[in-house]
Amino acid sequence: MQETKKRQIAILGSTGSIGTQALDVIAAHSDLFEARVLTANNRVEELIQQARRFVPAAVVIANDAHYEYLRDALADLPIQVYAGPDALCEVAQGGEVDMVLTAMVGFAGLAPTIAAIKARKPIALANKETMVVAGELVNALCHEYQVPIVPVDSEHSAIFQSLMGESSPIEKIILTASGGPFRTFTPAQLADVTPQQALHHPNWDMGAKITIDSATMMNKGFEVIEAKWLFGVSPEKIQVVVHPQSVVHSAVQFEDGAVKAQLGVPDMRVPIQLAFSFPTRLSSNFERLDWWQMPHLTFEAPDPDRFRCLALAYESLRCGGNMPCIVNAANEIVNRAFLEGRCRFLQMAEVIGQTMEKAQFIKEPTYEDYVATDADARRIAADILTHTS
Ligand code: NAD
Ligand code: MG
């Protein structure tokens, strides 16, 4: 990469699991990368610490109740301080920004991602909900504004890496899944699992929302949708394979039967670093695969009966339109409710399924339709939850 100008990176959601690992990558390659923008939702103390260390040009706290505290804490530094969701969109468009890492959670990632695309900023995409909700619209905008998306999600990065140098058609995508902490649980056991159990993911240390989504396998359903839009393949060509060791991060099968996969120790810094440096690879001191200590690699079929959220995600993809947006919104409601002890584990899929039936279906949604659908489906899901608990 050229020495002259450091790549200026805006991290939306810098205090989270992906955001802090992205800052590790930037710190390790401070000759190449600079954190231009840092943002958080509520974790103001962490944001202050990060800002004092990395001295970005701007910080945003989405929850504006923290604005004055943040501004005062950074008053001695040349850092612009903003608050509120609109400010997230503005900083993502900033003139000096070379790349936007979308590392915030949920539907809230959609607006700033679209703003960044319209300002022609390359996207390092961690916020998969954006593609789940509005993959078609985002793709159309990327096409219109000629903006690349580099995936950060480990499976999609593996697929992306398997496709490097290939121009031949994809026969099939093999999307691996750890199966989460309840992979071997019976339906009776699943009925009683607690948030504490669900938060204990066997292979990855991630934010709470995605960890719960991994336990229900909604995360894998979302990743099928994400893969469809990122790689232009139909859902029948995406095969979910449960691989509990998370060593094979995903694979692509081509028309001659050849399969290319990307393997490694589970470490999100690898795909984050590649997204920042693409098309180059940089060195790292991350842990290497040890072939003599390797666990036995096993592969099994997912069970959509026990993990109904996976089946619902596929169904939403078949319906198309705003249905994945409805599923995402309902899922955000039940995910939070489960974490707070207001919803049982198996009830999450029930509420999502009922919301899919009740929310208004729109075949060809606009951006405004997605925003309205999100609000509507959240209200419906919350309503179902209060009447069935
Ligand atoms: P996290 O909860 O650890 O962090 C989320 C970050 O976003 C925090 O900085 C938080 O302050 C900010 N944020 C949350 N809600 C916001 C809102 N409404 N407005 C503005 N900012 C908000 O989450 P995470 O695990 O880092 O995941 C981030 C995204 O990356 C998610 O979409 C997730 O699906 C995806 N992802 C994460 C991992 C992982 O290993 N953690 C892997 C693959 C994909
Ligand atoms: Mg993933």
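The values are calculated or read from the model by the stated rules, or taken from the named source; none is laboratory data. This is a predicted model, so every value here is computed, not measured. So basically every Cβ, Gly included, is an ideal-geometry build from the backbone, and we count neighbours across all protein chains shown. Heavy atoms of the whole protein, side chains included, go into the accessibility calculation; ligands, DNA and RNA do not. Shrake-Rupley method; radii C 1.70, N 1.55, O 1.52, S 1.80 Å.
Quick look at the values:
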item: Length released on extending from Asp98 to Arg269, taking residue separation times 0.36 nm less the Cα-Cα span; result: 59.6 nm
item: At least 30 Å along the helix axis (C-alpha) and Kyte average at least -1.0, DSSP helices within the chain; result: 367-388
item: Kirkwood Rh and Cα Rg combined as Rg/Rh, the range 320-389; result: 0.99
item: For the chain, accessible area per residue (1.4 Å probe, heavy atoms of protein chains only), Å²; result: 44
item: Between the range 207-273 and the range 46-94, the Cα center-to-center distance that results, in Å; result: 34
item: Accessible area (Å², 1.4 Å probe, nearest 10) - Val259; result: 80
item: Between the range 287-305 and the range 323-341, the alpha-carbon center distance in angstrom; result: 29
item: The range 154-280, accessible surface, carbon-and-sulfur percent (1.4 angstrom probe); result: 53
item: Cα→Cβ-extended label distance, 7 Å offset, between Ala372 and Trp291, nm; result: 5.9
item: Residue-span extension gain [Arg120 to Ser234] - 0.36 nm each, minus C-alpha spacing; result: 38.3 nm
item: Nearest-10 value in Å² for the accessible area of Trp229, using the 1.4 Å probe; result: 60
item: Magnitude of the charge dipole, the chain, Cβ model with Lys/Arg +1 and Asp/Glu -1, debye to 20; result: 200
item: Surface share of carbon and sulfur [accessible, 1.4 angstrom probe, percent] for the range 7-147; result: 46
item: Magnitude of the charge dipole, the range 7-147, Cβ model with Lys/Arg +1 and Asp/Glu -1, debye to 20; result: 220
item: Residue order for Lys172, Lys358 - accessible surface, 1.4 angstrom probe, largest first; result: Lys358, Lys172
item: Choice from Asn127, Asn328, Asn63 with maximal GNM fluctuation in the chain (Cα, 10 Å cutoff); result: Asn63
item: Ranked order, Lys128, Lys260, Lys5, Lys209 - accessible area, probe 1.4 Å, largest first; result: Lys5, Lys260, Lys209, Lys128
item: At R0 = 35 Å, FRET efficiency that the Cβ-Cβ distance of Met164 and Asp305 yields, to 0.05; result: 0.45
item: Exposure ranking of Thr211, Thr298 by accessible area [1.4 Å probe, largest first]; result: Thr298, Thr211
item: Probe 1.4 Å - accessible area at Val233, Å² to nearest ten; result: 10
